[in-house]
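Here it is, the structure, as structure tokens.
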Amino acid sequence: MSKQPEVQYRIKSFSEFSMSMLSSIYGPTFRTICPQSYTLRELNTACDHPEYKHYFCGPHDVPGAFCPNCMKPLLRLLAIDTRDERLGLTYCPFPIFSLFHCMTCEILNGVFYYQIHATDGRISILDYKEGTVQPEYIPFYPKPYPRHFQGQPIQLVPLSEEQQWYIINNQRLAEEYTSDIYTYDMEKREQFAKKINEFHKQYIRLKIDAHQIGGFPKLTQGWEVMTGQGWDGHMCPLCNQEMTFLAAIDDKNTDPRGFVGTEIGQFLFTWCSRCFVVEAVCLE
């Protein structure tokens, strides 16, 4: 039996490796709510005894969480229990806050900002892309888009050091490929594609296809595709300071169709701890 290749991050400590890579991949101003990354796991209420009330999808009654374009409740993707000390959010004056978006109007195609208020977690919408869209451009057309997806209590499971190492290196390779994607040197492109495939094959056991909270996010299309400015494009609309990475929610949910029905769909949420402002962007 062939020996499994040793993960190369063992040459350095994970923290040294992370800091040396972050400035070149995520940008010098990148910040995250906590260095450890967590993924979501469905809670088995018969066996698990959760300390916190994290909740995925489901209906909600959060005051102010109403789409100004569609005139219906915003779609909740995740409710985060700020009492969870691992996330570094215990300073928040509200015990729960939710990650919202809308899939049936122009909010889906723009940058969406809302502010959370104490103490009941109500929100006020700060900025959004105005306008409706033709029905055929709404996911799952001609069937009506759900008001909400079936909810489930979840718990946060930490990713291993190896998994986080894989995410960062995978992001590095993706950024290198994107920066060189328009080259006319087809041989160079083919060599780089081979390099990526070999990396994925070698570390297939570390592959992450899951939602993330905190840590270093696995992004489907990279920062540059989203803003054209890298991480520096994430600024709070109230204090004009850099936002902090909060969560990356993939297209998967309790419905087999997902949120928008595309494998590369992803929702990025960033956070301003000064103003309690959330920024939401859909990457497709």
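Kindly provide the set of residues from the stretch 71-85 that are crowded, with 17+ Cβ neighbours inside 10 Å and assigned to a loop (DSSP other than H, G, I, E, B), ordered by number.
Of all residues in the stretch 71-85, those crowded, with 17+ Cβ neighbours inside 10 Å come to 73-82, 84.
Within the stretch 71-85, L74, T82, D84 qualify.
Based on what the data block shows, is H60 crowded, with 17+ Cβ neighbours inside 10 Å and either among the small types (G, A, S) or under 20 Å from the mean Cα position of the chain (by Cα) (or both)?
So H60 does not fit the description; no.
Here is a further query. For residues that are under 23 Å from the mean Cα position of the chain (by Cα) and part of a loop (DSSP other than H, G, I, E, B), scanning just the stretch 36-49, find the one that is farthest from I116 (Cα to Cα). Quick ask: steps written out before the conclusion?
Narrowing the stretch 36-49 to residues under 23 Å from the mean Cα position of the chain (by Cα): 36-43.
Then drop every residue that is not part of a loop (DSSP other than H, G, I, E, B), which leaves 36-37, 43.
Details: Q36: 24, S37: 23, L43: 26 Å.
Top of the filtered list is L43.
Same structure again: Just the residues that are under 17 Å from F56 (Cβ atoms) and either touching a Pro at 6+ places or on another chain (Cβ under 6 Å) or not in a strand (DSSP E or B) (or both), please, taken from the stretch 140-176.
So in the stretch 140-176, the residues under 17 Å from F56 (Cβ atoms) come out as 146-157.
Residues satisfying the conditions are P146, R147, H148, F149, Q150, G151, Q155.
Can you name every residue in the stretch 71-86 that is under 23 Å from C282 (Cβ atoms) and at pLDDT below 95? If you could, list the steps in order and put the result at the bottom.
Initial filter on the stretch 71-86 (under 23 Å from C282 (Cβ atoms)): 71-80.
Listed by number, the list holds a single entry, M71.
Select from the stretch 115-161 the residues that are surrounded by 12 or more Cβ atoms within 10 Å (Cβ to Cβ), among the aliphatic types (A, V, I, L, M) and out of contact with any strand residue (DSSP E or B) (no Cβ under 7 Å at 6 or more places or on another chain) and list them in ascending order.
Residues satisfying the conditions are V133, I138.
Mind listing just one residue for me: the one in the stretch 115-139 that is part of a loop (DSSP other than H, G, I, E, B) and over 20 Å from P237 (Cβ atoms) and, of those, farthest from the chain's Cα centre (by Cα)? Steps first, answer last, please.
Residues of the stretch 115-139 part of a loop (DSSP other than H, G, I, E, B): 117-122, 128-134, 138-139.
From what is left, the residues that are over 20 Å from P237 (Cβ atoms) are 119-120, 132-134, 138-139.
Numbers: T119: 25, D120: 24, T132: 25, V133: 24, Q134: 27, I138: 21, P139: 20 Å.
Looking at residues that are part of a loop (DSSP other than H, G, I, E, B) and over 20 Å from P237 (Cβ atoms), I get Q134.
With respect to Y114, is the statement that it is in contact with an Asp or Glu (Cβ under 9 Å, 6 or more places away or on another chain), of a type in the set (S, T, Y) and modelled with pLDDT of 95 or more true?
Working: in contact with an Asp or Glu (Cβ under 9 Å, 6 or more places away or on another chain): yes; of a type in the set (S, T, Y): yes; modelled with pLDDT of 95 or more: yes.
In short, yes.
Residue by residue, here is whether (1) at pLDDT 85 or above; (2) crowded, with 16+ Cβ neighbours inside 10 Å holds:
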| residue | (1), (2) |
| --- | --- |
| Q8 | no, no |
| S23 | no, no |
| G27 | no, yes |
| P35 | yes, no |
| T39 | yes, yes |
| N44 | no, no |
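Of everything in the stretch 86-114, what is polar (S, T, N, Q) and crowded, with 19+ Cβ neighbours inside 10 Å? Give them in sequence order. Give the derivation first.
Of all residues in the stretch 86-114, those polar (S, T, N, Q) come to 90, 98, 104, 109.
Listed by number, the residues that qualify are S98, T104.
With the structure loaded, tell me whether F66 is modelled with pLDDT of 95 or more, under 21 Å from E279 (Cα atoms) and over 17 Å from the mean Cα position of the chain (by Cα) or whether it fails that test.
Values: modelled with pLDDT of 95 or more: yes; under 21 Å from E279 (Cα atoms): yes; over 17 Å from the mean Cα position of the chain (by Cα): yes.
So F66 passes the test.
I'd like to know if the stretch 257-265 contains one or more residues that are within 15 Å of L99 (Cα to Cα) and at pLDDT 80 or above.
Keep residues of the stretch 257-265 that are within 15 Å of L99 (Cα to Cα), which gives 259.
With the extra rule that they be at pLDDT 80 or above, the set shrinks to 259.
Scanning the stretch 257-265, I find at least one residue that is within 15 Å of L99 (Cα to Cα) and at pLDDT 80 or above, so the answer is yes.
Select from the stretch 193-216 the residues that are of a type in the set (A, V, I, L, M, F, W, C) and either assigned to a loop (DSSP other than H, G, I, E, B) or more than 22 Å from F269 (Cα to Cα) (or both) and list them in ascending order. If you could, list the steps in order and put the result at the bottom.
Step one: of the stretch 193-216, the residues of a type in the set (A, V, I, L, M, F, W, C) are 193, 196, 199, 204, 206, 208, 210, 213, 216.
Within the stretch 193-216, A193, I196, F199, I204, L206, I208, A210, F216 meet the criteria.
The values are calculated or read from the model by the stated rules, or taken from the named source; none is laboratory data. Everything quoted here is computed from the prediction, not taken from an experiment. Ideal geometry is used to build each Cβ from the backbone, glycine not excepted, and the neighbour counts take in all protein chains shown.
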